[in-house]
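Heads up, the thing below is written out as structure tokens.
The values are calculated or read from the model by the stated rules, or taken from the named source; none is laboratory data. This structure is a prediction, so every number in the text was calculated from the model and none was measured. Here the Cβ positions follow ideal geometry from the backbone for every residue, glycine too, while neighbour counts run over all protein chains shown. Remember, those area values only see protein heavy atoms, side chains included, never the ligands or the DNA or RNA. Shrake-Rupley method; radii C 1.70, N 1.55, O 1.52, S 1.80 Å.
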Amino acid sequence: MGASIKDTAESVRARKAARKARNADIPLSAGMILVTLGVVYGDIGTSPMYTLKSIVANNGGISTVSESLIIGALSLVIWTMTLVTTVKYVVIAMKADNHHEGGIFALYSLVKRCAKWLIIPAMVGGAALLADGILTPAVTVTTAIEGLRTIPLGHEILGDGPGLVMAITIAIVCVLFAVQRAGTSSIGKFFGPVMTLWFLFLGGAGLLNLFGNPVVLKALNPIYGIQFLVSPVNNSGLQVMGYVFLATTGAEALYSDMGHVGKSNIYASWPVVKICLILNYLGQGAWLLGCDPADPTLTGVVNPFYQMLPEMMRPFAIILSAVAAIIASQALITGSYTLVSEAVRLDLMPHMRINYPSETKGQIYIPMVNSIMWIGTIFVVLLFQTSERMEAAYGLAITITMLMTTTLLTSYIAGVRKNPAGAGLFAVIFGAIEAMFFASCLTMFFDGGYVMVILAAVLFVVMYTWRRGTAIERTQTVFLPVDKYLDQLFDLCHDDEVPYLADNLVFLTNDSSIDKLDRDILYSILDKQPKRAKAYYFLNVQVTDEPFTHEYIVNDFDTDFLFKVQLRLGFKVNQRVNTYLYQIVQELVDNHQISPQNHKYSIYRTHSAVGDFRFCLIRKVISPETDLSGLDYRVMELKYLIRRMCGSPAKWYGLENSSILFEYVPLFSKRKTQHKLTRVQLLDAEPSSPKRLEKSAKAAPDAVDDDEDIFSMTMRGDRENNIVSTLKDLVGGDTATFKPLVINEEEDDEDENIFGEDEIADGE
């Protein structure tokens with residue numbers, strides 16, 4: 001085959017070590033437990049700041065407090081945490097990991113073979129969780145800053161209006177998102193000790209108040225919670241479950257962040273975290289039972305989290321809670337990065353630049369996601385203004401995500417674990433619990449829940465558009481054998497009638513096969529406008545699981561002018577492909593695989609043997625003749641708009657200052673049936689000529705209406721028709737259904753779902 005492989009014993013060992021590392025979970029250690037406390041538990045760890053406050057405030061306020069109300073509400077909170085967070089997520093969901101990564105998209109990767117339709121709950125749940133990630137920083141930070149009003153000086157400074165609270169919240173949010181580029185490992189090490197102090201503070205403060213009224217320990221009995229739901233003491237009715245649900249909103253983020261810290265560190269730390277949370281809730285309940293409703297200081301919305309503390313401790317508690325609120329936001333932000341990176345791999349979202357700030361591949365930073373969440377969080381703060389209004393919207397999105405996760409976990413237990421009875425039991429129990437939560441949160445739709453629904457809907461449309469658009473493109477994806485075109489490419493290289501475009505013409509491609517090329521590339525070189533060069537390079541960049549890999553594989557097809565190159569770079573390596581490609585060409589010259597490309601003129605005393613480079617980036621566009629239905633046509637238009645907004649590979653690969661050619665090729669889908677033109681004699685061409693009109697009427701009696709939608713076949717049928725056309729029309733068309741080999745990764749699972757059959761990476 002003429003392949004030259006630059007591979008040393010050291011690089012082989014590095015790859016084996018990388019594979020071993022990928023298949024190993026992050027080990028249990030004191031340091032990683034500290035990081036776990038700093039990264040994972042922020043969201044659920046700040047829930048005591050507002051959960052019981054919301055329940056009491058929406059049940060009539062402090063004047064309605066009674067033993068049955070407090071014990072019943074606490075029972076619902078404790079058993080919601082136990083069933084949903086502990087049993088569903090820590091015990092069950094965390095066992096469903098994909099190479100030790102968690103989250104709804106990792107779960108979908110495990111179950112996608114079970115049923116084609118499962119991609120829908122994955123998309124809905126992922127969109128809702130990403131929307132929740134925008135709201136979490138707003139509600140937690142706002143709640144913490146509002147706590148300043150529980151001390152006289154703070155109330156005097158902030159006043160009763162939301163203006164100053166909003167300003168401080170936005171300032172904190174801006175700092176939080178600005179430091180994300182440092183990486184979750186650095187942030188976790190900084191936040192870990194703070195969160196350790198936070199949970200000790202939660203447990204200690206709750207325990208002190210619990211001694212004053214231990215009757216609240218009755219809340220450990222779930223019967224009191226059930227009785228409270230149907231009791232006339234519950235003025236909120238089913239809606240109270242929407243406020244109870246606030247106690248477990250961080251559970252989905254816990255599952256998503258599993259890949260950042262390792263499941264063993266979550267198993268070790270969660271019991272301590274849960275005990276501290278329960279103690280704090282019990283302490284708040286004990287204080288509420290012991291307080292005097294006639295106390296003139298207890299006016300308006302009373303927050304027992306702050307009020308149960310001695311007045312001298314409140315300033316410390318407010319500062320600590322503000323920092324904890326920042327950490328709560330961190331849990332959703334890091335989880336959002338993981339979700340988006342998994343969505344990109346599943347072709348549910350456009351390709352975006354992903355940075356790896358630390359030595360651990362699980363630690364990632366996505367600039368575009370960070371910017372969108374930053375803007376969205378500020379928008380939510382300005383829209384809702386107070387934490388009370390935000391809390392009404394808080395639970396709806398996450399209940400949707402939990403329902404979708406339950407659907408996928410049911411399929412996992414039944415289809416992957418082969419336990420249909422267990423799957424049925426799981427679906428009945430958690431489906432009923434979460435359906436009740438969803439129904440209660442839905443009652444708050446017009447109080448703010450609509451905002452989260454809109455955000456989630458927008459994200460779902462992005463996913464649907466990208467996945468559907470990719471499936472449409474796959475109906476025409478064709479990979480052709482390079483050896484069938486060597487003669488034409490050789491003739492083009494030596495055709496003096498065609499001017500040189502460059503010494504080295506480079507095409508970037510996601511195709512990682514050894515001896516095939518996408519039809520679009522060959523169409524660009526041979527058909528679009530013949531592009532003559534001394535050498536052609538088809539470059540594929542693979543990111544490895546080892547941080548500092550510097551390797552390449554090249555196939556020269558037994559020629560001195562055509563090379564397919566795979567550049568293998570570690571995830572910490574700067575992907576400036578022009579620099580690496582220059583080294584590769586220099587080595588090819590030194591190995592006499594390519595002739596020196598000396599230039600006659602140069603500013604250097606010693607002329608380089610490597611000539612100039614031109615990089616060609618191909619993008620598909622919709623042509624007017626493309627035959628798509630109205631919906632699919634709009635889907636493709638929106639997909640290409642989204643692609644433009646996500647940036648260019650030219651920037652990702654450090655080609656800003658290189659010579660770049662952007663080549664636009666049509667989407668080779670079916671073409672509309674065209675009318676056959678009839679030539680009209682000049683004498684008959686007058687507009688008023690009856691003879692001309694008569695001839696025109698006879699010219700195309702069987703003409704097809706151009707406005708008619710003729711998209712009537714499934715995408716599988718379109719692809720099969722395209723294969724037939726390829727076999728007939730293209731050179732080497734027998735490889736039309738070729739699926740590219742991924743050299744660097746283990747064999748991927750087949751990705752067949754209701755949108756399309758094969759998983760082939762998008763052009764950009």
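Details
- Among the residues of the stretch 479-508, those identified as open to solvent by less than 50 Å² (accessible area, probe 1.4 Å), outside any loop (DSSP other than H, G, I, E, B) and either without any contact (Cβ under 8 Å) to a residue 60 or more places away in the chain or hydroxyl-bearing (Ser, Thr, Tyr) (or both) are TYR485, LEU492.
- Residue check, GLU311 acidic (Asp, Glu), modelled with pLDDT under 85, assigned to a loop (DSSP other than H, G, I, E, B) and at negative phi: yes
- Residue, modelled with the lowest pLDDT, within the stretch 167-191, restricted to residues that are in contact with a Leu (Cβ under 9 Å, 6 or more places away or on another chain) and crowded, with 20+ Cβ neighbours inside 10 Å: GLY188
- Each residue in the stretch 498-547 was checked for being under 16 Å from TYR664 (Cα atoms) and aromatic (Phe, Trp, Tyr), and 2 pass.
- Qualifying residue in the stretch 510-524 (condition: open to solvent by 20 Å² or more (accessible area, probe 1.4 Å), of a type in the set (Phe, Trp, Tyr), touching a residue at least 60 places away in the same chain (Cβ under 8 Å) and not in a loop (DSSP other than H, G, I, E, B)): yes
- The set of residues from the stretch 419-478 being polar (S, T, N, Q), within 22 Å of PHE105 (Cα to Cα) and buried (at least 17 other Cβ atoms within 10 Å of the Cβ) comprises THR465, THR470.
- The stretch 532-554, residues that are aliphatic (A, V, I, L, M) and either open to solvent by less than 20 Å² (accessible area, probe 1.4 Å) or at pLDDT 80 or above (or both): ALA533, ALA535, LEU539, VAL541, ILE553, VAL554
- Matching option when the condition is within 22 Å of ARG113 (Cα to Cα), part of a helix (DSSP H, G or I) and in contact with a Ser or Thr (Cβ under 9 Å, 6 or more places away or on another chain), among GLY395, GLY415, GLY424: GLY424
- In the stretch 44-56, residue surrounded by the fewest Cβ atoms within 10 Å (Cβ to Cβ) [restricted to those that are closer than 13 Å to LYS274 by Cα and not hydrophobic (A, V, I, L, M, F, W, C)]: SER47
- On inspection, THR399 passes the criterion of being among the hydroxyl-bearing types (Ser, Thr, Tyr) and modelled with pLDDT under 90.
- Restricted to the stretch 555-662, the set of helices (runs of 4 or more DSSP H) holding at least 3 residues that are at pLDDT 75 or above comprises 577-590, 630-645.
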